[in-house]
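The values are calculated or read from the model by the stated rules, or taken from the named source; none is laboratory data. These numbers were taken from a predicted model, which means no experiment stands behind them. Quick reminder, even Gly has a Cβ in these numbers, built from the backbone with ideal geometry, and neighbours come from all protein chains shown.
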Amino acid sequence: MIYFDNAANKKVNAETIKKLSEHLLAFGGNSESRHPYSYNAKKILSEKEVTLFSQMQLQNYEGFYFNSGTEIFNFIRFLINEKGKKCNVVTSRLEHPALSANLKNSIAEIRYIKLKNNYQYDIESLTEVIDQATFMVAINFIQSETGLVQNLEEIIAKIKKINPSTLILIDSIQGFGKCELPSGADFYTASNHKICGIVGAVLIAKKYLQLNLAEIYSKFRHDFYQIGRIEIPQLLAMYDTLKEELPKQKENFNKVATINNYIRKAITDKFDSKIYCRFTAENTTPYILQIIFPNYDGAVLAGLLGEKGIMVSSGSACMAESQIPSEALQELGFNNKEIFSTIRLSFSEANTINEADFFIKTLKEVLQNY
């Protein structure tokens with residue numbers, strides 16, 4: 001099997017299973033109790049958090065734990081609603097559906113950042129949407145369907161200049177551990193589904209914010225029961241994996257870029273000119289490659305490739321079963337025909353050029369027999 005669907009869920013490997021097994025044997029019991037077993041599990045998780053955050057230059061941040069990225073976004077909605085008075089939240093139409101839905105279902109007025117012609121957030125439009133009532137700006141670092149990368153350093157600085165009290169949430173789930181994060185945000189997100197392929201997520205929050213985040217988190221968990229018990233062994237495996245992979249971040253990035261560029265070139269050189277990649281390698285992460293197949297159904301292509309042993313997706317996994325056009329792709333100028341004619345390949349450091357060759361060969365066969 002060839003697995004090119006790592007942006008949805010990274011393929012679990014033997015090393016992850018080994019790490020997880022060790023942690024399950026050591027800390028596989030009830031982590032919510034007051035007994036020493038629970039205390040020791042939490043103590044080791046805290047120690048690993050401090051070590052990793054230091055390694056990533058996030059010493060002034062702390063972790064709040066969840067079972068998935070969607071649960072983090074549920075908590076963000078809860079946090080906005082806890083503010084308890086009229087406010088606005090600024091975002092874009094390029095966000096993950098789970099984040100967009102939670103923002104829309106909050107009590108806040110939702111405002112949208114404009115895009116420039118190069119698909120970057122328009123920094124000049126920030127002054128039109130951010131004011132003294134802006135509680136939060138919630139935007140992505142890497143767009144999950146297309147792999148578009150936003151240059152956020154200047155954006156973050158501009159937001160803080162307009163309103164220093166505005167909180168900045170960077171949805172960094174598709175980039176965490178794969179490339180350097182933009183600095184200066186108040187929150188970052190990471191999902192173990194993209195790191196190890198198993199459950200677990202962390203909201204990385206700047207310490208000493210002007211709100212009692214620990215109290216709000218406790219209320220979310222223990223008063224409203226919005227999330228279940230956090231599985232510490234899975235989180236320990238996540239931190240172990242990140243600690244090992246961070247020193248190889250550049251090496252892995254370049255390896256994946258080679259595979260991405262190899263397939264891009266083949267699409268240009270060996271296929272009908274109507275089949276294309278809308279976004280360039282310079283504008284996107286090498287970990288995600290979106291290909292558009294006019295006059296083909298992306299979901300059908302994904303299914304046919306799957307029958308040949310190649311796992312890809314047709315857009316964001318969280319929208320895979322939906323017949324509603326992607327809001328993000330509409331914002332990027334796709335028409336409905338294009339939206340439903342895409343497939344998304346997403347890579348990990350475990351993928352190879354031989355797998356890319358097999359994909360290219362198989363894709364030709366699938367298109368000929370479509």
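Quick notes on this one:
- Within the range 32-55, the presence of a residue that is in a loop (DSSP other than H, G, I, E, B), crowded, with 16+ Cβ neighbours inside 10 Å and in the same structural domain as GLU128 (by TED's automatic domain parsing) is excluded.
- All conditions in (1) more than 20 Å from SER68 (Cβ to Cβ); (2) assigned by TED's automatic domain parsing to the domain that holds GLY84; (3) buried (at least 16 other Cβ atoms within 10 Å of the Cβ) hold for PHE253, with the sole exception of (2).
Here is a yes/no grid of residues against (1) under 19 Å from the mean Cα position of the chain (by Cα); (2) within 26 Å of GLN55 (Cβ to Cβ); (3) among the β-branched types (Val, Ile, Thr); (4) not in a loop (DSSP other than H, G, I, E, B):
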residue: PHE220; (1), (2), (3), (4): no, no, no, yes
residue: ILE227; (1), (2), (3), (4): no, no, yes, no
residue: GLN249; (1), (2), (3), (4): yes, yes, no, yes
residue: ALA257; (1), (2), (3), (4): yes, yes, no, yes
residue: ARG264; (1), (2), (3), (4): no, no, no, yes
residue: THR268; (1), (2), (3), (4): no, no, yes, yes
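Residue by residue, here is whether (1) in the same structural domain as SER313 (by TED's automatic domain parsing); (2) among the aliphatic types (A, V, I, L, M); (3) assigned to a loop (DSSP other than H, G, I, E, B) holds:
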site	(1), (2), (3)
SER144	no, no, yes
ALA157	no, yes, no
PRO164	no, no, yes
LEU169	no, yes, no
ILE173	no, yes, yes
PHE176	no, no, yes
CYS179	no, no, yes
PRO182	no, no, yes
TYR188	no, no, no
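- The residues of the range 324-367 that are among the hydrophobic types (A, V, I, L, M, F, W, C) and outside any helix (DSSP H, G or I), listed by number, are ILE324, LEU332, PHE334, PHE340, ILE343, LEU345, PHE347, ALA350.
- Of all residues making up the range 77-91, the number that are more than 21 Å from GLN132 (Cβ to Cβ) and either touching an Asp or Glu at 6+ places or on another chain (Cβ under 6 Å) or in contact (Cβ under 8 Å) with a residue 60 or more places away in the chain (or both): 1
- Count of residues meeting criterion [out of contact with any strand residue (DSSP E or B) (no Cβ under 8 Å at 6 or more places or on another chain), more than 13 Å from LEU169 (Cα to Cα) and not small (Gly, Ala, Ser)] in the range 73-123: 14
- Residue within the range 61-70 that is out of contact with any strand residue (DSSP E or B) (no Cβ under 9 Å at 6 or more places or on another chain) and aromatic (Phe, Trp, Tyr) present: no
Yes/no matrix, rows are residues, columns are (1) among the aromatic types (Phe, Trp, Tyr); (2) in contact with a helix residue (DSSP H, G or I) (Cβ under 9 Å, 6 or more places away or on another chain); (3) closer than 21 Å to ASP186 by Cβ:
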site: VAL129; (1), (2), (3): no, no, yes
site: PHE141; (1), (2), (3): yes, no, yes
site: SER144; (1), (2), (3): no, yes, no
site: GLY147; (1), (2), (3): no, yes, no
site: LEU152; (1), (2), (3): no, no, yes
site: ILE155; (1), (2), (3): no, yes, yes
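- Candidates GLU153, GLU215, GLU180, GLU145 - the one that is modelled with pLDDT of 95 or more, surrounded by 19 or more Cβ atoms within 10 Å (Cβ to Cβ) and either at positive phi or charged (D, E, K, R) (or both): GLU145
- Candidates are the residues of the range 343-362 that are polar (S, T, N, Q) and in contact (Cβ under 8 Å) with a residue 60 or more places away in the chain; the one that is surrounded by the most Cβ atoms within 10 Å (Cβ to Cβ) is SER346.
- GLN290 closer than 23 Å to LEU99 by Cα and part of a helix (DSSP H, G or I): no
Quick grid of which residues meet (1) at positive phi; (2) outside the structural domain of PHE253 (by TED's automatic domain parsing); (3) modelled with pLDDT of 95 or more; (4) surrounded by fewer than 19 Cβ atoms within 10 Å (Cβ to Cβ):
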{"site": "TYR276", "(1), (2), (3), (4)": "no, no, yes, yes"}
{"site": "VAL300", "(1), (2), (3), (4)": "no, no, yes, yes"}
{"site": "SER314", "(1), (2), (3), (4)": "no, no, no, no"}
{"site": "SER322", "(1), (2), (3), (4)": "no, no, no, yes"}
{"site": "PRO325", "(1), (2), (3), (4)": "no, no, no, yes"}
{"site": "PHE334", "(1), (2), (3), (4)": "no, no, yes, no"}
{"site": "LYS337", "(1), (2), (3), (4)": "no, no, no, yes"}
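- Counted residues, the range 190-212 - those being in contact with a His (Cβ under 8 Å, 6 or more places away or on another chain) and in a strand (DSSP E or B): 1
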